[in-house]
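**Q** One structure is given below, represented as structure tokens, and several questions about it will come after.
The values are calculated or read from the model by the stated rules, or taken from the named source; none is laboratory data. The model shown is predicted, which means the values in this text are computed figures rather than measured ones. As a convention, Cβ positions derive from the backbone with ideal geometry for all residues, glycine included, and neighbour counts pool all protein chains shown. Accessible surface areas use protein heavy atoms only, side chains included; no ligands, DNA or RNA. Shrake-Rupley method; radii C 1.70, N 1.55, O 1.52, S 1.80 Å.
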Amino acid sequence: IRELHTIFSRECSKIKTPKNSLNQKLPHLVNQKLNELEFFIPETSHDLINIGNSLSICVGNGYYAEKIIKKQSSVVALKNPQG
């Protein structure tokens with residue numbers, strides 16, 4: 001039941017949040033790798049929610065999306081070969 005609650009809560013945050021384009025302009029990081037890690041540039045606010053949910057961090061709470069949209073911040077993730 002707890003696992004279902006967690007999944008439901010994560011998906012609800014996507015329903016409540018518009019899927020805004022973040023419009024991050026970081027072409028120098030596209031298709032770049034650092035050892036086995038691949039750079040991932042979130043394209044939408046829902047990408048940030050997914051990152052936050054998978055890592056149990058607050059990056060998907062809307063604050064960071066707002067900062068990125070206002071061009072005050074950038075957010076980049078690193079993915080290992082397992083995702």
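**Q** Rolling a 1.4 angstrom probe over the protein heavy atoms, how many square angstrom per residue are accessible across the chain?
**A** Normalised by residue count, the accessible surface of the chain is 76 Å².
**Q** Counting only protein heavy atoms, what percent of the accessible surface of region 1-43 is carbon or sulfur at a 1.4 Å probe?
**A** With neighbouring chains kept in place, the figure for region 1-43 is 55 percent.
**Q** Where does the chain land at 222 nm, in deg cm²/dmol rounded to the nearest 500, when only DSSP H runs of n ≥ 4 count, each adding -39500 (n - 2.57), divided by all residues?
**A** -12000 deg cm²/dmol
**Q** Considering Cα pairs under 8 angstrom that are at least six residues apart, work out the relative contact order of the chain and quote it in whole percent.
**A** Relative CO of the chain lands at 30 percent.
**Q** Also, I was wondering about something else. Can you list which of the GluC sites (Glu not before Pro) found in the chain are DSSP loop residues with at most 11 other C-beta atoms within 10 Å?
**A** The qualifying sites are Glu36.
**Q** What is the ratio of the Cα radius of gyration of the chain to 2.2 N^0.38 Å, with N the residue count, to two decimals?
**A** Against the compact-globule rule of thumb, the ratio is 1.15.
**Q** Could you give the length gained on full extension between Leu34 and Lys67, defined as 0.36 nm per residue of separation minus the Cα-Cα distance, in nm?
**A** Result: 9.3 nm gained on full extension.
**Q** May I pose another question? Taking the Cα centre of the chain as the origin, how large is its charge dipole in debye, to the nearest 20, when only Lys and Arg (+1) and Asp and Glu (-1) carry charge on their Cβ atoms?
**A** 260
**Q** Among Val30, Pro81, Gly60, whose Cα projects farthest towards the positive end of the dipole of the chain, with charges put on the beta-carbon of Lys, Arg (+1) and Asp, Glu (-1)?
**A** Gly60
**Q** At most 13 other Cβ atoms within 10 Å and a DSSP loop assignment: could you name the trypsin sites (Lys or Arg not before Pro) in region 16-74 that fit?
**A** Taking region 16-74 and a limit of 13 other Cβ atoms within 10 Å, the loop trypsin sites (Lys or Arg not before Pro) found are Lys19, Lys25, Lys70, Lys71.
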